[in-house]
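Here is the structure we will look at, set down as structure tokens.
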Amino acid sequence: MTDKGGIGAQQYQIPPPKTQGAATGGQQLSATATQFVDKIDPFSKRGTSKRRRRLVNSSRYHPDSEPELAQLPLIKDSSSAEQSALVIQKLQQCQKIFDFYDPVAQLKSKEIKRAALNELIDHITTVKGAITESIYPEVIKMVSKNIFRVLPPSDNSEFDPEEDEPTLELVYELFLRFLESPDFQAAVGKKYIDQRFVLNLLDLFDSEDPRERDFLKTVLHRIYGKFLGLRAFIRKQINNMFLSFVFETDSFNGVGELLEILGSIINGFALPLKQEHKVFLVKVLLPLHKPRCLSLYHAQLAYCVVQFIEKDSTLTPQVFDALLKFWPRTCSAKEVMFLGEVEEILDIIEPEQFKKIIEPLFKQLAKCVSSPHFQVAERALYFWNNEYILSLIEENSSQVMPIMFPALYRISKEHWNQTIVALVYNVLKIFMEMNGKFFDELTANYKLERQKEKRKEKEREDLWKRLAAVELNPPKDRDPHILSKTPLTNFTAKRELPAGYGLIAPANSVIDKSPNFSQILEQTAPPSKSNNRLM
């Protein structure tokens with residue numbers, strides 16, 4: 001698969017234009033023209049420089065240091081006594097690395113290696129007893145030389161599968177058949193497949209090639225299943241990779257594949273869960289909701305979280321606390337994903353655990369339903385189409401309805417999207433059918449509260465109009481009792497007006513200068529309207 005080099009890209013220079021000027025002038029024009037063309041069409045330069053970089057890539061290839069590979073006899077045509085030695089010879093041949101970015105170099109050797117890999121795959125798969133103890137070190141050495149390499153930094157270009165080394169897929173296929181063979185003995189394999197081998201394998205999960213990551217996922221899962229002594233080490237290293245991704249790099253290609261492996265591992269955890277597994281959920285898995293690239297692996301992450309809750313339902317409040325902590329504030333697409341995950345959790349939640357999360361859950365749902373983004377509001381309202389969730393809501397309607405009713409009633413009057421309004425009416429109808437008497441009480445209380453809010457708002461407006469009149473009137477014509485005409489009960493509590501401007505001015509008071517209007521505004525400013533509930 002992709003094997004990019006680390007040498008920097010060479011600048012692509014277009015030929016200088018033909019000019020009749022002096023040599024110096026022609027050189028200046030050439031440089032200017034190059035920069036100008038690069039600005040107009042940067043794609044040509046980027047694509048060429050990318051190819052040049054890969055052509056000079058590397059220290060892995062030594063085409064002149066070794067002779068061409070020799071054609072060996074077919075394994076199936078050899079006697080049983082010769083087959084083992086011939087398999088080892090072919091494995092040693094496959095340890096040689098070729099530069100596949102040069103299409104004309106060492107064509108014969110490349111074809112011999114490709115044919116040898118296909119033959120070895122067929123031999124290990126079909127021949128019983130093909131895996132002997134002597135071939136273990138040769139297989140591991142061949143795999144290590146072919147797949148272990150330093151991955152280049154991502155160049156943010158689209159992945160091109162045609163640029164991959166064609167034999168790398170065959171190497172992965174051979175190693176996978178080797179691990180899955182009934183002749184494979186873990187007791188022998190553990191001498192060669194150790195912690196260092198696993199670390200190198202994990203580093204390859206950052207490959208840009210999804211096919212390579214898929215092979216790595218299967219290989220690592222087989223190693224985890226066969227080598228019990230490596231299980232704790234593999235889990236620990238995956239933890240470290242996730243923590244580095246979340247809190248340091250914010251960039252890693254193999255998160256989804258590693259989460260798929262973990263989903264299978266979590267499914268096999270024994271009950272009751274160990275404390276280290278609970279810590280892994282809270283400290284490692286749940287923070288994976290934070291990165292911006294959540295959409296690349298959210299399905300696998302949600303599966304792992306649901307698996308934990310199925311194993312231990314008492315983890316539900318902790319999971320919801322974390323989801324609310326990482327709930328997106330400015331990304332509607334992520335918010336829709338969070339709502340989908342919440343519904344998956346509610347599908348398997350225990351009624352006792354549901355009661356513990358009613359208040360934070362439905363307060364967040366009320367915010368989502370009120371969202372001006374119709375997809376967020378629509379996804380939240382779809383919760384009422386889920387029969388199991390609806391039964392949980394009905395059992396706890398006395399707690400759920402007071403939280404949701406104000407937002408639903410307001411949206412039914414104000415939301416810009418008619419589809420959302422129709423869904424809201426459907427939810428209100430469900431509430432009314434659940435508990436009609438309580439629904440009527442909530443409606444009456446809501447309207448009463450709205451009337452109070454409107455009255456307070458009108459009083460605030462009247463007060464500010466009178467304060468504006470105080471500023472506009474000249475001092476000699478100002479009525480000292482002007483403020484006494486406005487009821488200030490709700491606005492001057494625990495506040496003091498400037499001296500000489502009480503509700504009733506003293507008869508013998510003398511005003512030397514005009515009042516400081518900014519002080520009056522500061523001391524009588526109404527509360528922020530953002531705290532008011534709007535219909």
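The values are calculated or read from the model by the stated rules, or taken from the named source; none is laboratory data. Since the model is a prediction, treat every value here as computed from it, not as a measurement. Cβ: placed from backbone, ideal geometry, glycine included. Neighbour counts: every protein chain shown.
Yes/no per residue for (1) assigned by TED's automatic domain parsing to the domain that holds Asp347; (2) surrounded by 17 or more Cβ atoms within 10 Å (Cβ to Cβ); (3) hydrophobic (A, V, I, L, M, F, W, C):
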| residue | (1), (2), (3) |
| --- | --- |
| Pro360 | yes, no, no |
| Gln364 | yes, yes, no |
| Leu381 | yes, yes, yes |
| Glu395 | yes, no, no |
| Ala407 | no, yes, yes |
| Phe431 | no, yes, yes |
| Glu457 | no, no, no |
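So that you can scan it fast, the table gives a plain yes or no per residue for (1) in the same structural domain as Phe374 (by TED's automatic domain parsing); (2) touching a helix residue (DSSP H, G or I) at 6+ places or on another chain (Cβ under 7 Å); (3) closer than 29 Å to Val219 by Cβ:
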residue: Gly254; (1), (2), (3): yes, yes, yes
residue: Leu259; (1), (2), (3): yes, yes, yes
residue: Ile266; (1), (2), (3): yes, yes, yes
residue: Lys274; (1), (2), (3): yes, no, yes
residue: Ala299; (1), (2), (3): yes, no, yes
residue: Pro317; (1), (2), (3): yes, yes, no
residue: Ala322; (1), (2), (3): yes, yes, no
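Has region 40-57 got at least one residue that is surrounded by fewer than 12 Cβ atoms within 10 Å (Cβ to Cβ) and modelled with pLDDT of 90 or more?
No, the conditions are met nowhere in region 40-57.
Met432 fails exactly one of the following numbered conditions: (1) more than 43 Å from the chain's Cα centre (by Cα); (2) at pLDDT 85 or above. What is the number of that condition?
(1)
Taking only region 366-379 into account, find how many residues are over 13 Å from Glu343 (Cβ atoms), among the charged types (D, E, K, R) and buried (at least 20 other Cβ atoms within 10 Å of the Cβ).
Residues flagged as over 13 Å from Glu343 (Cβ atoms), among the charged types (D, E, K, R) and buried (at least 20 other Cβ atoms within 10 Å of the Cβ) within region 366-379 amount to 0.
I'm trying to understand the selection: among the residues of region 276-297, which are within 24 Å of Ile223 (Cα to Cα) and touching a Gly at 6+ places or on another chain (Cβ under 7 Å)?
Tyr297
Does region 371-379 contain at least one residue that is outside any helix (DSSP H, G or I), closer than 27 Å to Asp321 by Cβ, among the hydroxyl-bearing types (Ser, Thr, Tyr) and in the same structural domain as Thr330 (by TED's automatic domain parsing)?
Just the residues of region 371-379 that are outside any helix (DSSP H, G or I), to begin with: 371-373.
With the extra rule that they be closer than 27 Å to Asp321 by Cβ, the set shrinks to 371-373.
Narrowing the set further to residues that are among the hydroxyl-bearing types (Ser, Thr, Tyr) leaves 371.
Those left that are additionally in the same structural domain as Thr330 (by TED's automatic domain parsing): 371.
Yes: one or more hits.
Can Val342 be described as under 27 Å from Asn253 (Cβ atoms), assigned by TED's automatic domain parsing to the domain that holds Arg235 and at pLDDT 95 or above? It would help to see each step written out before you state the result.
Numbers: under 27 Å from Asn253 (Cβ atoms): no; assigned by TED's automatic domain parsing to the domain that holds Arg235: yes; at pLDDT 95 or above: yes.
Against the criterion (under 27 Å from Asn253 (Cβ atoms), assigned by TED's automatic domain parsing to the domain that holds Arg235 and at pLDDT 95 or above), Val342 does not qualify.
Given the criterion under 30 Å from Phe383 (Cβ atoms) and modelled with pLDDT under 90, identify the matching residue among Gln451, Gln418.
Details: Gln451 fails: under 30 Å from Phe383 (Cβ atoms).
It is Gln418.
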